[in-house]
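As structure tokens, the structure follows; a few thoughts come after it.
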Amino acid sequence: MLSDHASMPVLAVTDMERARAFYEGTLGFTSAGEVPDGVVYGTSNGGFLVYPSAYAGTNRATAISFQLPTDAFDAEVDALRAAGVELQTFDLPGDVTWTDGVLSDGDMRAAWFADPDGNVLNVETHPADAAG
């Protein structure tokens, strides 16, 4: 079954040079390998593929969520802001609080932003950290 195999998030972009500038220059990723018409970026538990497509930016849901230790969250958000990344806010159900672009929901904290094509990315405190 599919659950026995690794998976990889895939992000469509309109301009590979602009995407590389964002993912490598702004976010600090390093290419883990070139593939036909795309590039794979590594993460601690796998990676993601960025490739050109006419459908880039059409998904308005979160495409990738990066799980951070609670004690690393503020520094990562500060680094994103310093790199010129603008955080996004939106209406959510429940008793959540937004402070300077960061959502707090109990012990969990999260921030959303978009790449140049509108792919929505997220950083959040790791669920195991939030559980206490």
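The values are calculated or read from the model by the stated rules, or taken from the named source; none is laboratory data. Because the structure is predicted, anything quoted here is derived from the model rather than measured. A quick note on method: Cβ atoms are made from the backbone with ideal geometry, for glycine too, and the neighbour counts reach across all protein chains shown.
For the reader, a short list of remarks on this structure follows.
- Filter pass, Ala72 being farther than 19 Å from Val120 by Cα, among the small types (Gly, Ala, Ser) and part of a helix (DSSP H, G or I): yes
- Residue match in the stretch 40-54 (condition: surrounded by 13 or more Cβ atoms within 10 Å (Cβ to Cβ), over 19 Å from His126 (Cβ atoms) and at pLDDT below 95): no
- Those residues of the stretch 87-123 which are touching a residue at least 40 places away in the same chain (Cβ under 8 Å) and either in contact with a Lys or Arg (Cβ under 7 Å, 6 or more places away or on another chain) or outside any strand (DSSP E or B) (or both), in sequence order: Asp115, Pro116, Asp117, Gly118, Asn119, Val120
- On the stretch given as the stretch 19-32, residues that are in contact with an Asp or Glu (Cβ under 8 Å, 6 or more places away or on another chain) and within 11 Å of Val50 (Cβ to Cβ) total 4.
- Any hit, the stretch 58-69, residues being within 21 Å of Pro9 (Cα to Cα), assigned to a loop (DSSP other than H, G, I, E, B), of a type in the set (Val, Ile, Thr) and out of contact with any His (no Cβ under 9 Å at 6 or more places or on another chain): yes
- Reported count of residues in the stretch 55-105, each being surrounded by 11 or more Cβ atoms within 10 Å (Cβ to Cβ) and among the small types (Gly, Ala, Ser), is 9.
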